């Protein structure tokens with residue numbers, strides 16, 4: 001028995017070394033941590049339980065029989081984050097470049113199945129050169145098995161992808177199917193077609209980071225949600241994100257201790273003049289619990305702000321127009337960004353708070369040709385479909401289709417509040433006056449004086465929040481200082497909200 005135990009200990013030691021000292025040194029030289037170091041950063045201390053440690057490939061084709069490896073290129077298992085169980089895999093680039101073959105995929109699928117059956121969040125740490133070419137169609141089958149499970153788990157358990165190295169070819173579609181993608185500057189790369197193929201086919205020279213680095217996917221493509229300066233920061237952010245989320249759709253988000261935000265006069269942040277910009281993040285931070293706002297997709301579609309926060313210790317999802325960027329207008333990208341966030345919050349029982357200051361949808365040929373009608377409809381669909389508590393605060397302007405789309409009463413908002421500065425109308429007062437009174441203004445000897453008079457009359461008669469309130473489209477007109485307390489009270493009152501759909505259907509057909 002002693003001899004057998006010693007053999008097991010030596011085998012475990014060999015497996016823990018991955019591709020061996022030389023490969024580990026190469027990994028470190030690339031500025032990357034090893035697969036097991038990453039798990040130590042992510043999980044609570046001494047909670048990792050490995051699954052399938054001795055699993056390895058059985059292929060002998062194309063030289064694989066000559067590669068002496070004690071286990072396959074991925075470490076899988078369970079652990080705890082802030083005391084709650086999660087399922088996790090961490091690809092090991094030091095072993096055959098982290099490539100995915102049949103047994104590699106089988107190990108991942110095993111922990112995915114456990115996560116879905118037990119209601120655990122699932123986290124994938126990606127550092128792989130892609131499909132293991134030597135295993136042929138088995139590699140492709142492995143990816144397909146993972147994608148299938150990603151889809152079954154969607155909306156049931158939170159799924160998080162961490163890209164800390166290459167993630168190439170078919171491998172990119174698993175992160176794309178998960179809820180949140182984290183990337184790290186300088187080391188993360190995600191692309192379907194590598195630079196070498198692009199050079200061969202198109203004759204273009206392009207670097208890996210330029211093609212699919214963290215900045216590209218956080219700022220331009222929108223494929224990623226968080227960008228960190230280091231792996232340590234990245235895994236700390238994953239832990240932080242999970243603190244806002246339930247373990248599954250069958251639970252409510254965890255409650256947390258909290259501090260009130262510092263007292264701020266919101267009237268000094270939001271100008272009365274509808275066209276003057278300001279940073280809506282300042283409004284968010286003045287309303288939610290102190291230091292609790294975690295922004296999602298901070299660098300993409302910056303004319304809208306989304307993220308998680310806490311109100312009275314409860315997790316909430318925030319969606320807010322950003323007047324600082326493009327006047328807070330809705331466009332193709334911001335509609336996509338907000339829609340997906342709304343649907344995630346609804347799937348995981350996270351109440352939604354919408355802060356409105358929107359001039360409408362962005363006009364122009366480029367937007368029309370890019371499908372702003374279809375993309376804009378996603379936001380209407382997402383809010384209409386959501387059954388979690390939905391609270392809306394109209395801070396300033398709410399014009400046209402933008403008013404409807406930003407969780408208006410007509411899309412099922414439970415409570416709609418408006419500040420006295422709110423303007424709710426088909427379009428901006430000046431634009432409306434210029435159209436309606438075009439002839440009168442042309443004949444006037446003092447057109448500017450008349451325009452101001454008519455604009456003031458239009459605001460009073462059509463755009464005033466009191467008009468919308470008189471029809472029940474606004475539940476209450478509040479002072480800015482009352483905003484936090486009104487939201488707290490509403491959240492408490494709506495905490496047991498349940499919606500039962502009377503019409504049976506498999507699912508709707510979202511305008512994707």
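The numbers here are math on the coordinates, done by the rules we state, and not lab data. Quick caveat, the model's predicted, so the values are computed rather than measured. Please note: Cβ atoms are built from the backbone with ideal geometry, for glycine as well, and neighbour counts cover all protein chains shown.
Side notes on the structure shown:
- The alpha-carbon positions of the stretch 234-382 define a convex hull whose volume is 113 Å³ per residue.
- Burial ranking of peptide ranges 488-496, 344-352, 205-213 (average Cβ count within 10 Å, highest at the top): 344-352, 205-213, 488-496
- Computed as a quarter of the hull surface, the mean projected area of the alpha carbon convex hull for the stretch 33-171 stands at 7.7 nm².
- Column: log10 I(q)/I(0), Debye, Cα scatterers of the chain, q = 0.08, 0.09, 0.11 Å⁻¹: -0.57, -0.70, -0.96
- Annotation: the antiparallel percentage among DSSP beta bridges lying fully within the chain is about 35.
- Compared with the dominant principal axis of the Cα atoms in the chain, helix 483-493 is inclined by about 70°.
- Between helix 332-347 and the chain: long-axis angle, C-alpha atoms, 0 to 90°, nearest 10: 70 degrees
- Placing a pseudo-label 7 Å from each Cα along the Cα-to-Cβ vector at residue 302 and residue 365 gives an inter-label distance of 2.8 nm.
- Label-to-label distance for residue 208 and residue 291 is 3.7 nm, based on points extended 7 Å past Cα in the beta-carbon direction.
- Euclidean distance between Cα centres, the stretch 452-512 to the stretch 130-195, Å: 40 Å
- Once the C-beta distance of residue 80 and residue 252 is scaled by a Förster radius of 22 Å, the resulting FRET efficiency is 0.70 to the nearest 0.05.
- Note on residue 148/residue 273: beta-carbon distance plugged into 1/(1 + (r/R0)^6) with R0 of 56 Å gives a FRET efficiency of 0.55.
- The listed peptides 7-15, 368-376, 384-392, ordered by packing as a protection proxy, come out as 384-392, 368-376, 7-15 (highest mean of other Cβ atoms within 10 Å first).
- Alpha-carbon gyration tensor eigenvalues x 5, square-rooted, for the stretch 307-393, Å: 25, 15, 9
- Taking 7 Å steps out from each Cα toward its Cβ at residue 476 and residue 426 produces label points 3.2 nm apart.
- Stretch gain in nm, segment residue 22-residue 156, where the contour uses 0.36 nm per residue and the Cα spacing is subtracted: 44.1 nm
- Volume per residue of the convex hull around the Cα atoms, evaluated for the stretch 396-437, comes out as 65 Å³.
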